[in-house]
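None of the figures in this text is laboratory data; all of them are computed from the coordinates on show. From a predicted model like this one, the values you see are computed outputs, not experimental measurements. Counting neighbours? That spans all protein chains shown, and the Cβs are built from the backbone with ideal geometry, glycine included.
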Amino acid sequence: SVCLRCWAASGPPCDARHTEGPRARAGAMLFYTFFKTLMGKEVVVELKNGVAIRGTLHSVDHFLNFKLTETSVEDPVRFPQLTTLKSAFIRGSVVRYVHVPSAEVDTSLLQDAARKEAFEAAAAAAKAAEEAPAA
């Protein structure tokens, strides 16, 4: 599990204050690309309100909104109203964690992609700083 905003490893929800910037946008694109490779696989999406929904990833968009099919709630005793849920559209801003089968994650490829995205964002920021007029 990872925090989609700060890439924190699994554990309790992170308390970091997230800001939108080149790294955040690059990270979102990295995760979008990663989740596109998981379409058709079973994932568990944990929401900020504590609900965890297991289902097959049908689609994901650039805002990290998820559409799950063949869904089930992880804790039907706490959330009996969700036991009849067959599919779900989950807004990206309410997602806390996405649990992915470890067999589906190529960590070295993901780390390389993250490094590349960070390098490109830093290069773009440096170029923008050079082109900005001196104040």
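3J(HN,Hα) couplings calculated from phi for the range 92-105 with the Karplus curve 6.51 cos²θ - 1.76 cosθ + 1.60 (θ = phi - 60°) are, in sequence order, x, 6, 9, 8, 8, 9, 10, 8, 10, x, 4, 5, 8, 9 Hz; Gly and Pro show x.
Straight-line cross-link partners of Lys48 among the lysines, defined as a Cα under 18 Å from its Cα and at least 8 positions apart when in the same chain: Lys67.
For the range 121-130, the Karplus equation 6.51 cos²θ - 1.76 cosθ + 1.60, evaluated at θ = phi - 60°, returns couplings of 5, 5, 5, 5, 5, 5, 5, 5, 5, 5 Hz by residue, with Gly and Pro reported as x. Counting Lys and Arg as +1 and Asp and Glu as -1 over every other residue whose Cβ lies under 15 Å from the Cβ of Leu109, the net charge comes to -1. For the range 71-84, 3J(HN,Hα) computed residue by residue from phi via the Karplus equation (6.51, -1.76, 1.60; θ = phi - 60°) reads 8, 8, 8, 6, 10, x, 6, 6, 10, x, 5, 9, 5, 8 Hz, glycine and proline entered as x. Placing unit charges on each Cβ (+1 for Lys and Arg, -1 for Asp and Glu) gives the range 59-107 a dipole about its Cα centre, and among Leu68, His99, Leu82 the Cα reaching farthest toward its positive end belongs to Leu82. Placing +1 on the Cβ of every Lys and Arg and -1 on the Cβ of every Asp and Glu, with nothing else charged, gives the range 87-135 a dipole about its Cα centre of roughly 260 debye.
Multiply the residue separation of Glu104 and Thr69 by 0.36 nm, subtract the distance between their alpha-carbon atoms, and state the gained length in nm to one decimal.
Values: separation 35, 0.36 × 35 = 12.60 nm, distance 1.86 nm.
Net length gain for the segment: 10.7 nm.
Between the beta carbons of Glu42 and Ala122, assuming R0 = 41 Å, the FRET efficiency works out to 0.70 to the nearest 0.05. Taking R0 as 22 Å, what's the FRET efficiency between Leu85 and Asp61 from their Cβ-Cβ distance, rounded to 0.05? Here the calculated transfer efficiency is 0.60.
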